[in-house]
Amino acid sequence: MKHIIIVDCQEDFCNPEGALYVKGAEVAVENIKKYLESLKDEKDTVNVIFTVDWHPLTHCSFKENGGQWPVHCVKYTKGSNIVEPLIKAAYSIQKYPEIIKKGSDENKEEYGAFAHFINEFLSNGEVEFKVNGDNFDYISFYREDDEFIICGVAGDYCVYETYKNLKCIGMNITPYYDGIAFIGEKFDFEKQFELESEE
Ligand SMILES: [Zn+2]
C-alpha cells in the first residue's frame, strides 16, 4: 500500500488571507492536487491520509495563551478546513480518506501526527499507532512494508516532525518536495534526520 500523507493543508496555512499563511503553500497545494490526480489508476493501492491542526481556543501554542503562534486552526472554524481542491482530489481516489487530528489537547504542542505508536511491529508485520480522532483516540494500522509519501505545510515544522515519527521506527518514507512549503529555508529531510541522529 502507498500512503500519501498530506500535512495540515488547511485554510489558515494555505490561504494568503489565513491566520498563519505559509508562503508558497498554494503552489504546494496545486502540485499535490496534480499528484493525487495522477494516482487515479492506482487507487486500489493508494491511501490518502490528511493530518489537521485541530486546536481548542485555549491552546497553549497561541500567543495570547503564552505560545509563539497567532490563533490558528481552531477546530470547526473556517480556518481549520482542508483546502477544497485537495479534499475533492482525495475523494476522487477514495471514499473515506483517513483524517488524523493533532493539537487538540490544550496543554500540548503537537507537530508530529504519528508520535504515539503502541507497538512498533506486531508479529503480522503491522505497526499500530494511537492517533487523535475528534473527541476520542483511535488505532490506525500500517504495514511495515508500506510506502509513505509525505507533503504539506509547514515543511520545517509539522511535515518534518511527522516524517521523523515514521522514520524513527524505520518506515519507508519519502518527502514529495514539490508539495511542501517551508516557513524558513527549505532543507533536505534525509540529511537533517541523519545530522540529528548523529548528535
Ligand atoms: Zn497549530
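The values are calculated or read from the model by the stated rules, or taken from the named source; none is laboratory data. The model shown is predicted, which means the values in this text are computed figures rather than measured ones. Cβ coordinates were reconstructed from backbone atoms using ideal geometry, including for glycine residues, and neighbour counts include every protein chain displayed.
Once the range 40-70 is narrowed to residues that are among the aliphatic types (A, V, I, L, M) and under 19 Å from the mean Cα position of the chain (by Cα), the residue that is nearest to the ligand (Cβ to nearest atom) is Val52. Is it fair to say Val74 is crowded, with 17+ Cβ neighbours inside 10 Å and modelled with pLDDT of 90 or more? Yes, satisfied. Just one of the listed residues (Ile93, Ile169) is in a loop (DSSP other than H, G, I, E, B), aliphatic (A, V, I, L, M), over 18 Å from Gln10 (Cα atoms) and in contact with a helix residue (DSSP H, G or I) (Cβ under 8 Å, 6 or more places away or on another chain), namely Ile93.
When Tyr35 is tested against (1) of a type in the set (Ser, Thr, Tyr); (2) more than 21 Å from Thr162 (Cα to Cα); (3) within 17 Å of the chain's Cα centre (by Cα), exactly one condition is not met: (2). Put simply, of Ile173, Ile183 the only residue that is modelled with pLDDT of 95 or more and either under 14 Å from the mean Cα position of the chain (by Cα) or on the phi > 0 side of the Ramachandran plot (or both) is Ile173. Just to be sure, is Asp105 free of Cβ contacts under 8 Å to residues at least 40 places away in the same chain, in a loop (DSSP other than H, G, I, E, B) and out of contact with any strand residue (DSSP E or B) (no Cβ under 7 Å at 6 or more places or on another chain)? The answer is yes for Asp105. Give Glu106, Glu110 a once-over and let me know the one that is within 13 Å of the ligand (Cβ to nearest atom), under 22 Å from Lys130 (Cα atoms) and crowded, with 17+ Cβ neighbours inside 10 Å. Of the residues listed, the single one that is within 13 Å of the ligand (Cβ to nearest atom), under 22 Å from Lys130 (Cα atoms) and crowded, with 17+ Cβ neighbours inside 10 Å is Glu110. Evaluate the following for Asn15: is it under 20 Å from Asp105 (Cβ atoms) and out of contact with any strand residue (DSSP E or B) (no Cβ under 7 Å at 6 or more places or on another chain)? The answer is no for Asn15.
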